[in-house]
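J.: This is the structure I want to talk about, given as structure tokens.
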Amino acid sequence: MASDHASENGVDGDDEREEEDDEEEVEEEAVEEEEEPRLKYQRMGGSLSSLLSTDAAASIAIAERMIALGTHDGTVHILDFQGNQVKEFSAHSATVNDLCFDAEGEYVSSCSDDGSVVINSLFTDERMKFEYHRPMKSIALDPDYSRKSTRRFVAGGLAGQLFLNSKTWLGYNKQVLHDGEGPIHAVKWRTCLIAWANDAGVKVYDMVNNVRVTFIERPRGSPRPELLLPHLVWQDDTLLVIGWGTSVKVAAIRTNSLGANGIQKSIPASSAKYVDIVASFQTSYYISGIAPFGDALVVLAYIPEKVNGEKDFSSTMPSRQGTAQRPEVRIVTWKNEELTTDALPVHGFEHYKAKDYALAHAPFTGSSYAGGQWAAGDEPLYYIVSPKDVVIARPRDAEDHIAWLLQHGFHEKALAAVEAGQGRNELLDEVGSRYLDHLIVERKYAEAACLCPKLLRGSASAWERWVFHFAHLRQLPVLVPYMPTENPRLSDTAYEVALVALATNPAFHNVLLSTVRSWPPTIYSSLPVISAIEPQISNSSMTSLLKEALAELYVINSQYEKALALYADLMKPEIFDFIEKNNLQDAIHEKVVQLLMLDCKRAVPLLIHHRDNIPPSEVVEQLLSAHKNCNAKYFLHLYLHSLFEVDVNAGKEYHDLQVELYADYEPRMLLTFLRLSQHYKLDKAYDVCVRKGLLREQVFILGRMGNAKRALAVMIDKLEDIEEAVEFVSMQQDDELWQELIKQCLRKPEMVGMLLEHTVGNLDPLYIVSMVPDGLKVPRLRDRLVKIITDYRTETSLRKGCNEILKTDCVNLLIKYYKEAQRAVCMGSTEEEKHHKAGESSSTLESQRGSNAGSSIELKSRIRGSGRCCLCFDPFSIQNVSVVVFFCCHAYHSTCLAGGSDSFNMGSYVANSDDKDDDEDAPAEGSQIRCVLCTTAAG
């Protein structure tokens, strides 16, 4: 199996190659180096493109000095080898199916679907036309046509007959050489041998002996000939190469009367020739053309489509429109060993079938072929024909080898090859420079630019030289992405020139933006670039990308306000972060509308937060003046709503406008606004609510206007919300409104029942029932009355129970209070308390809590006594005695209260919080002691 490699294409670059299906072979091929192709290709130029722009090529024939090209409109074009038209014959009215030159190249013959054969002289006006009245598919002139007076030729077509025409003294004689085995698809004449192919197979006829030499059967499984034509080519006088479907056979014409061997049929004993099949193999592709290549073969391969992962070689041609693969030129040996494979970038190959291609080769002796090389001028030429293209293939030489290495990116190998051939190291830079020069001449500026890092390497001088050279050619923008910013670092001028070149070319503004962002700002000055861009601001060449790049340059140059203006024009989302980062709140006065259009969720808080710098009046004015350019009213609503939430009075002069905005965009928020604001005109607000049909808002405004009856009418007639109506009347505290409510409800019987349900506690249901006119049918009146009575009884019972519970609780609390008031609290002196605290300062927190729990509570008389004993009127601090305080706030010296008795037990009169609850019902010991003042007053 031959290795997979790419071929050179002199027109569009490298050809693509299909990968083999077998995974093991792919792995092996990936390891091997890519082989250099043996052929080089170029498209035929000259007049060909214009000729095929309105027509399509159908057939071709090659002579020693010229080329004949037949087209689908029936024209035969005579071209030189550069593709320039020399002559033109309007020979037919239908497709030219086949062409043939005589050996001298003086006559060209053509056959067509119009049923005619035309022979034209290339150097005289001689022209002969023969009518066969059936489409003719193939023709072959006698190689000695110009030298013999017989003017013989053979032709065949769909009629299935192979005609031999010859000139006699009476005129042209038409002889049928073969008939009855289907259409004649191909015919070739070499010396005295004629080979032709029909539906049955290939036959060879000996014109000397006037006998058929052999018959070679059509390969089994091959597509029908009308779908894929058989291809015959004489390699020399005795070798016939046959390519049919996926089969290749090489037949040798032997001169031996012993007979033939192998697969061919027997021949007459009188024949001196027979055929020997010297090579035969099957291919993995369809054969669209075949030609000799020294001791090998050149095959034009058409790759069939895959069906279920496998190539379909059925007799029906796969031809789904637009899915065909590139045709391939393969060089194979007679043993089917592939030497090279090249995929051709033929124009429109996706839509072509196998029969749309043809392969022809220029006549050559081949005697100079040795070791895969030809002598100069003796190399073969191959012409690959498609409907819109003709590609010329020829063997490669040493110069092509170096060019192929350079073209395929093998720079080191190319330079190594040059060095090995000439032995001079100085050629290293020269070859690299020549390669760049070549790309520049070919106008492949982008390819040259991408190779500069590899070829120029770390030479700053070389880089600068090429930078200015690209600038001179006005192609510097393609080089900018590859320019180094360090190792080496170029001069500031080089970078500035590059940026200016990008700025002046609109096609590269995106590159300018990415370059400004990626290059360090320290390697160049931004001022020259800014100066080159600013004059374009008012021109049509000022693209958004250029504006953004200019903004980046302004930022580099610390001109933040100018950058902000451009970001606002570009509607960049990051403008808000840019404003916060650089404190540019003062610079957004004229950008309110743009900021809101960009992101109102971020713009509104920004404007609200900085309302001292940007007053609401300025924001509102800009939005009102820009209502035609954007949804300014909605933005105005968002701004005023946020402003109202922050400060109710901040935008009070716009509250009338806010009423309309709320009604348009957020009606559910309008009622809250109406309740909180005091700065809108009631009549205007009411008109807005009426126009928008906002009923609850109408009720609120009517209530604020004092028109309660009308508000009540709206609730009853339009809202039909009796519960809200009852609540409204209750808040008004107006008896006349109750009467109005009942009056309004009586107009709607269903409202009467609802009124009975919702006025419980506000109106006497019996009063409402008494107001109902006789005969008025109230829906579910009985059920509602039963419910009202039941609810009334339940409420009465609950109230009675609650009253009893309340009375009991009051009595119990009074008894408890009375008992508590009888107790006294012992208070120690201030000095004792201080001494007690000092003694306890060294104890632990737990002991302190226990000590404090058992100590006396020090109280100060706040109302009565004013810190003095209520009996002796001496301050408590004068005498070093305990103090007794009653819950009535009267305080006494313990000695004064006891009347100087030493038997007075102080602990008996102290109310301790720990045993308060336990002694609640039992009278405490010494409870006979009473507050002197309270007891006296009670007595």
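The values are calculated or read from the model by the stated rules, or taken from the named source; none is laboratory data. Quantities reported herein were computed from a predicted structural model and do not represent experimental measurements. For neighbour counting, all protein chains shown are included, and Cβ atoms are generated from backbone atoms with ideal geometry for every residue, glycine included. The accessibility values were calculated without ligands, DNA or RNA, using every heavy atom of the protein model including side chains. Shrake-Rupley method; radii C 1.70, N 1.55, O 1.52, S 1.80 Å.
J.: Taking segment 163-178 as the search range and keeping residues that are among the aromatic types (F, W, Y) and part of a strand (DSSP E or B), which one is farthest from M207 (Cα to Cα)?
T.: Top of the filtered list is Y172.
J.: Would you point out the residue of segment 53-63, among those that are under 14 Å from I384 (Cβ atoms) and out of contact with any Ser or Thr (no Cβ under 7 Å at 6 or more places or on another chain), that is surrounded by the most Cβ atoms within 10 Å (Cβ to Cβ)?
T.: That would be S59.
J.: Turning to a different aspect of this structure: Do you know which residues across segment 871-889 are in a loop (DSSP other than H, G, I, E, B), surrounded by fewer than 21 Cβ atoms within 10 Å (Cβ to Cβ) and not polar (S, T, N, Q)?
T.: L871, C872, F873, D874, I878, V881, F887, C888, C889
J.: Counting only residues that are part of a strand (DSSP E or B) and acidic (D, E), which one in segment 87-126 is most open to solvent (accessible area, probe 1.4 Å)?
T.: Within segment 87-126, the subset part of a strand (DSSP E or B) is 87-90, 96-101, 107-112, 116-121.
Within this subset, residues satisfying the condition of being acidic (D, E) are 88, 98.
Details: E88: 95, D98: 24 Å².
By that ranking, first place goes to E88.
J.: Would you check which residues across segment 164-206 are of a type in the set (A, V, I, L, M, F, W, C), open to solvent by 20 Å² or more (accessible area, probe 1.4 Å) and in contact (Cβ under 8 Å) with a residue 12 or more places away in the chain and list them?
T.: Listed by number, the residues that qualify are V176, L177, W189, C192, A200.
J.: Could you say which residue among L595, L566, L584, L553 is within 29 Å of S526 (Cα to Cα) and modelled with pLDDT of 90 or more?
T.: L553
J.: Follow-up. Among the candidates Y554, Y567, single out the residue that is crowded, with 17+ Cβ neighbours inside 10 Å, among the hydroxyl-bearing types (S, T, Y) and either within 22 Å of A471 (Cα to Cα) or over 27 Å from the mean Cα position of the chain (by Cα) (or both). Can you show your working first?
T.: Working: Y567 fails: either within 22 Å of A471 (Cα to Cα) or over 27 Å from the mean Cα position of the chain (by Cα) (or both).
It is Y554.
J.: With the structure loaded, tell me whether E552 is under 30 Å from N649 (Cα atoms), touching a residue at least 12 places away in the same chain (Cβ under 8 Å) and among the acidic types (D, E) or whether it fails that test. Steps first, please.
T.: Working: under 30 Å from N649 (Cα atoms): no; touching a residue at least 12 places away in the same chain (Cβ under 8 Å): yes; among the acidic types (D, E): yes.
So E552 fails the test.
J.: A further question follows. Which count do you get for residues in segment 47-62 that are outside any strand (DSSP E or B), over 41 Å from the mean Cα position of the chain (by Cα) and touching a residue at least 40 places away in the same chain (Cβ under 8 Å)?
T.: Counting residues in segment 47-62 that are outside any strand (DSSP E or B), over 41 Å from the mean Cα position of the chain (by Cα) and touching a residue at least 40 places away in the same chain (Cβ under 8 Å) gives 1.
J.: Within segment 64-86, track down each residue that is under 22 Å from Y145 (Cα atoms) and buried (at least 21 other Cβ atoms within 10 Å of the Cβ).
T.: I67, A68, L69, G70, V76, H77, L79
J.: How many of the residues making up segment 206-229 are closer than 19 Å to W244 by Cα and not small (G, A, S)?
T.: Residues that pass the stated criteria total 14.
J.: Based on this model, can you work out whether P230 counts as under 60 Å from the mean Cα position of the chain (by Cα) and under 20 Å from K137 (Cα atoms)?
T.: Values: under 60 Å from the mean Cα position of the chain (by Cα): yes; under 20 Å from K137 (Cα atoms): yes.
Against the criterion (under 60 Å from the mean Cα position of the chain (by Cα) and under 20 Å from K137 (Cα atoms)), P230 qualifies.
J.: I've got another one for you. May I ask you to list the residues in segment 127-146 that are open to solvent by less than 20 Å² (accessible area, probe 1.4 Å) and assigned to a strand (DSSP E or B)?
T.: M136, S138, I139, A140, L141
J.: What pairs come up if the first residue lies in segment 609-623 and is closer than 14 Å to V593 by Cα, the second is outside any helix (DSSP H, G or I), and their beta carbons are under 8 Å apart, counting only those six or more places apart or on different chains?
T.: I614/I588; P616/A650; P616/G651; V620/G651
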